[in-house]
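Here's the structure we're looking at; comments come further down.
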Amino acid sequence: MEPFDIVIAGGGPVGSVLAHALAPLAGRGTGKGLSVLQVRAGSTAADRPIALSHGSRLILERLGLWQGLPATPIHHIHVSQRGGFGRTVITAADHGIDALGHVVSYRELVERTATGHLPAIAMREDRLLDWKPSPDGIEARLASQSVRTRLLVIADGGRPGHGSEESPGARIKDYRQSAVVCEVDTEPSHGNRAWERFTPDGPVALLPYRNRYALVWTSPPANAERLMGMYDAAFITSLQHTFGDRAGKFRAVGPRSAFPLSLRVQDQKAHAGIVTIGNASQTLHPVAGQGLNLGLRDAWELAEACTRALDDRPEDLGSAAFSRAFASRRRLDRELIVRLTDGLIGAFSLRLPMSSTVRGAALAFLDTVPPARRFLSRRMMFGARALP
Ligand SMILES: Cc1cc2nc3c(=O)[nH]c(=O)nc-3n(C[C@H](O)[C@H](O)[C@H](O)COP(=O)(O)OP(=O)(O)OC[C@H]3O[C@@H](n4cnc5c(N)ncnc54)[C@H](O)[C@@H]3O)c2cc1C
């Protein structure tokens with residue numbers, strides 16, 4: 001069995017960003033540095049717009065992956081609720097930065113972060129089938145062969161039945177919502193403004209994307225199915241009715257795709273030789289666009305942990321202590337973002353008599369108390385460990 005120090009299973013943005021961050025430590029075939037293999041199964045996932053936070057942009061910039069990636073800046077985010085008062089606007093100027101985040105195409109990001117050209121990383125089109133502990137690490141069974149590794153990083157997007165199985169203590173919640181995603185034209189055009197409008201059926205987000213908006217409309221599956229089947233004119237009328245006039249008049253709509261939504265948080269029981277990152281570790285509701293941003297921080301911090309291990313105690317890589325330390329380092333950020341996104345969905349779907357008033361008061365509070373707004377938006381941009 002071919003031996004590697006690290007095997008990364010998954011060729012999505014999280015697995016690939018990790019490979020780029022490890023590249024300086026790797027030296028394939030030279031006998032020096034780490035030997036790293038990335039295993040990538042072809043993806044059939046539909047393209048979707050992804051809002052990358054300012055923090056994610058900094059990660060991509062440090063790895064030389066930002067330049068050349070088509071990205072539409074977000075200058076303002078307007079948050080409101082349907083059928084209730086209160087709203088708040090977060091601006092890039094609040095933070096002294098040029099953009100709160102950028103909207104990119106998932107597919108273009110995957111292409112931009114692909115590692116085929118990196119000489120330090122061995123990349124194979126293959127699929128992780130399963131793994132088991134072996135006397136000197138982990139035996140990873142791929143579709144074409146088995147390999148041996150000290151550390152197996154599962155970054156396969158977390159679809160059970162593939163490489164990552166549900167861990168026994170996993171938290172799983174079916175939101176009973178689907179996201180309908182498409183591009184829409186408005187008049188006037190977006191002006192680099194994003195909108196998050198909470199409705200009792202689920203949040204509706206508009207993200208500035210090239211010269212149009214990308215729409216992420218969440219609602220119960222039966223309604224999502226209805227929206228998918230509508231003629232364009234009826235869809236636009238329904239969107240205008242749900243969203244109101246804030247973003248202008250909806251004029252035209254592009255092809256639609258639908259994504260079922262659930263929360264899956266794997267129990268990070270530290271297992272020697274195994275680390276799980278990105279959606280394989282936690283799959284979130286897309287509200288507030290946090291899933292990939294959290295996954296990129298997983299990847300970045302894992303590369304840092306590998307660097308530290310290599311500098312201080314190379315024999316630690318792949319040990320139970322290594323997996324434990326990594327899980328513990330990521331816990332705060334992960335829990336905060338899981339609770340934040342899940343809490344937003346819970347709070348804005350409550351239909352109790354006073355709930356709309358309480359939500360409106362919370363939005364008004366954020367709007368009138370800039371430090372509170374800044375505190376929250378910095379966590380959205382940089383994660384739990386952001387400075388105040
Ligand atoms: C509608 C929608 C909108 C979203 N919007 C945002 C947003 O605005 N901002 C944000 O931060 N996040 C957003 N997300 C979440 C974001 O898409 C995910 O968090 C992100 O794609 C996770 O990246 P990943 O690399 O972990 O997994 P994936 O992107 O799922 O990639 C996993 C890769 O691994 C491959 N693979 C699968 N099984 C195996 C195997 N056994 N062996 C080897 N390879 C395998 C797959 O083919 C795939 O290429 C959104 C999600 C949805 C559904």
Residues of the range 297-326 being under 30 Å from Gly346 (Cα atoms) and either of a type in the set (Ser, Thr, Tyr) or touching a strand residue (DSSP E or B) at 6+ places or on another chain (Cβ under 8 Å) (or both), which ones? Phe326
Out of (1) of a type in the set (A, V, I, L, M, F, W, C); (2) crowded, with 16+ Cβ neighbours inside 10 Å; (3) over 25 Å from Met380 (Cβ atoms), the one Ala252 does not meet is (2)
Check Thr88, Thr149 and return the single one that is touching a Lys or Arg at 6+ places or on another chain (Cβ under 9 Å), polar (S, T, N, Q) and crowded, with 20+ Cβ neighbours inside 10 Å. Thr88
Pick from the range 230-272 the residues that are within 30 Å of Leu317 (Cα to Cα) and polar (S, T, N, Q): which of them is nearest to the chain's Cα centre (by Cα)? Gln266
State which residue is farthest from the ligand (Cβ to nearest atom) when the search covers only the range 207-249 and only residues that are of a type in the set (Val, Ile, Thr) and buried (at least 18 other Cβ atoms within 10 Å of the Cβ). Ile236
Filter the range 263-286 down to the residues that are assigned to a strand (DSSP E or B) and more than 10 Å from the ligand (Cβ to nearest atom) and list them by number. Leu263, Arg264, Val265, His271, Ile274, Val275
Only helices (runs of 4 or more DSSP H) wholly contained in the range 305-388 count here; list those with 3 or more residues that are among the small types (Gly, Ala, Ser) and touching a residue at least 12 places away in the same chain (Cβ under 8 Å). 320-349, 355-368
Residues in the range 216-232 that are farther than 21 Å from Val103 by Cβ and part of a strand (DSSP E or B) total 1
Name, by its number, the condition in (1) touching a Ser or Thr at 6+ places or on another chain (Cβ under 8 Å); (2) surrounded by fewer than 20 Cβ atoms within 10 Å (Cβ to Cβ); (3) among the hydrophobic types (A, V, I, L, M, F, W, C) that does not hold for Trp66. (1)
For the range 178-233, which positions are closer than 26 Å to Gly346 by Cα and among the polar types (S, T, N, Q)? Ser178, Thr199, Thr218, Ser219, Asn223
Consider Arg197 carefully, then state whether it is at pLDDT 95 or above and among the basic types (Lys, Arg). no
Just a yes or no: is a residue in the range 305-320 modelled with pLDDT of 95 or more, over 16 Å from Val7 (Cα atoms) and either of a type in the set (Lys, Arg) or surrounded by fewer than 19 Cβ atoms within 10 Å (Cβ to Cβ) (or both)? no
Close pairs from the range 276-289: first among the small types (Gly, Ala, Ser), partner part of a loop (DSSP other than H, G, I, E, B) and more than 8 Å from the ligand (Cβ to nearest atom), Cβ under 6 Å, at least 6 apart: Ser281/Gln266
From the option list Phe198, Phe235, single residue qualifying as farther than 20 Å from Gly10 by Cβ, touching a helix residue (DSSP H, G or I) at 6+ places or on another chain (Cβ under 7 Å) and either acidic (Asp, Glu) or not in a helix (DSSP H, G or I) (or both) is Phe198
Check on Phe348, at pLDDT below 85, touching a Phe, Trp or Tyr at 6+ places or on another chain (Cβ under 6 Å) and aromatic (Phe, Trp, Tyr): yes
Taking the range 242-262 and keeping only residues that are in a loop (DSSP other than H, G, I, E, B) and at negative phi, one is left with Asp245, Arg246, Ala247, Gly254, Pro255, Arg256
Would you mind finding the one in Ala347, Ala362, Ala299 that is among the aliphatic types (A, V, I, L, M), surrounded by fewer than 16 Cβ atoms within 10 Å (Cβ to Cβ) and in contact with a Gly (Cβ under 8 Å, 6 or more places away or on another chain)? Ala362
Tally of residues being more than 14 Å from the ligand (Cβ to nearest atom) and of a type in the set (Phe, Trp, Tyr) across the range 287-324: 1
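The values are calculated or read from the model by the stated rules, or taken from the named source; none is laboratory data. None of these values were measured; they are calculated from a predicted model. Don't worry about glycine lacking a Cβ; one is built from the backbone with ideal geometry, like all the others, and counts go over all protein chains shown.
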